[in-house]
Amino acid sequence: MAMSNYRDLSTLSSASGAGFQFEFFCEVSGETWRSPFRPYRRGQLFGLVSKLTYWFNDLHSFGRAAEYASDAGSTKAKAAALAEAQQLAAQRFRQCPDCNKWVSFSAWDERGQHCTQCASKARSGGGFPGGYSESGNGAAMASSGPLCPNCQTPSEGGRFCHECGFDMASAFKSCPSCGTTLPRQARFCTDCGHGF
């Protein structure tokens with residue numbers, strides 16, 4: 001399945017900056033990674049010719065030809081750049097088999113082989129998807145709070161993790177409208193839609 005967790009940062013109209021770049025993001029933590037910038041030479045040529053036609057009126061027909069050449073190849077070049085970027089991003093993100101979200105390694109539960117959100121839901125529901133059950137010191141934890149990024153223990157509230165002392169405020173924030181706990185990078189509340 002093709003990755004859909006990206007923003008297109010490409011530009012085609014600049015003499016020096018025409019090229020393709022994509023920013024991939026974790027759908028749980030908001031962590032981002034940008035693909036390497038891939039220059040688009042036809043777009044750069046068009047940008048340069050556009051600047052020259054401003055000063056030299058005789059170059060207008062050449063400018064239109066450069067624009068046509070730039071537009072003609074941009075779709076294919078962008079698709080190739082996106083495919084290459086997705087191959088690189090696939091080394092940094094995994095897709096959760098339960099919720100289908102693309103997540104970074106920091107939001108991946110290696111024991112359960114799914115994202116930390118699904119792991120937290122499974123813990124609070126009494127079992128893991130696919131028959132996986134948590135065993136350890138006895139009963140499964142029933143807290144539905146966010147998982148500590150350091151030790152993966154569900155939070156029981158408060159600023160610091162009760163298990164390892166990690167500063168939870170550095171990774172999470174509370175929505176001022178409804179109080180839902182969200183990753184620090186979140187731009188909108190998932191419960192009430194409040195914008196940060």
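The values are calculated or read from the model by the stated rules, or taken from the named source; none is laboratory data. Values in this document were obtained by computation on a predicted structure and should not be read as measured data. Heads up, the Cβs are rebuilt from the backbone with ideal geometry, glycines too, and the neighbour counts pull from every protein chain shown.
Does the range 50-57 contain at least one residue that is surrounded by fewer than 17 Cβ atoms within 10 Å (Cβ to Cβ), modelled with pLDDT of 70 or more and farther than 30 Å from residue 146 by Cα? Looking for residues that are surrounded by fewer than 17 Cβ atoms within 10 Å (Cβ to Cβ), modelled with pLDDT of 70 or more and farther than 30 Å from residue 146 by Cα, one finds none in the range 50-57, hence no.
Checked against (1) outside any loop (DSSP other than H, G, I, E, B); (2) touching a strand residue (DSSP E or B) at 6+ places or on another chain (Cβ under 9 Å); (3) modelled with pLDDT of 85 or more, residue 30 meets all criteria but (1). For the range 83-94, check the following and say yes or no: at least one residue is farther than 22 Å from residue 185 by Cβ, out of contact with any Lys or Arg (no Cβ under 8 Å at 6 or more places or on another chain), small (Gly, Ala, Ser) and modelled with pLDDT of 90 or more. Checking the range 83-94: at least one residue is farther than 22 Å from residue 185 by Cβ, out of contact with any Lys or Arg (no Cβ under 8 Å at 6 or more places or on another chain), small (Gly, Ala, Ser) and modelled with pLDDT of 90 or more.
Could you grab the pairs with beta carbons closer than 6 Å, sequence gap of 6+ or different chains, first residue in the range 1-24 and more than 21 Å from residue 92 (Cα to Cα) and buried (at least 16 other Cβ atoms within 10 Å of the Cβ), second one among the acidic types (Asp, Glu) and at pLDDT below 70? Taking only residues 6 or more apart or on different chains, not a single pair turns up.
Note on the range 159-187: residues that are farther than 14 Å from residue 28 by Cβ and touching a Leu at 6+ places or on another chain (Cβ under 9 Å) amount to 3.
Applying the selection to the range 109-120, what residues are surrounded by fewer than 20 Cβ atoms within 10 Å (Cβ to Cβ) and either in contact with a Pro (Cβ under 8 Å, 6 or more places away or on another chain) or at pLDDT 90 or above (or both)? Full working, then the answer.
As a first pass, look at the range 109-120 and keep what is surrounded by fewer than 20 Cβ atoms within 10 Å (Cβ to Cβ): 110-111, 113.
113 - this is the single residue of the range 109-120 that is surrounded by fewer than 20 Cβ atoms within 10 Å (Cβ to Cβ) and either in contact with a Pro (Cβ under 8 Å, 6 or more places away or on another chain) or at pLDDT 90 or above (or both).
Considering each residue of the range 68-82 in turn, none proves to be modelled with pLDDT of 75 or more and farther than 23 Å from residue 2 by Cβ.
Is it true that some residue in the range 163-172 is of a type in the set (D, E, K, R), at pLDDT 75 or above and within 28 Å of residue 91 (Cβ to Cβ)? No, there is no match, as no residue in the range 163-172 is of a type in the set (D, E, K, R), at pLDDT 75 or above and within 28 Å of residue 91 (Cβ to Cβ).
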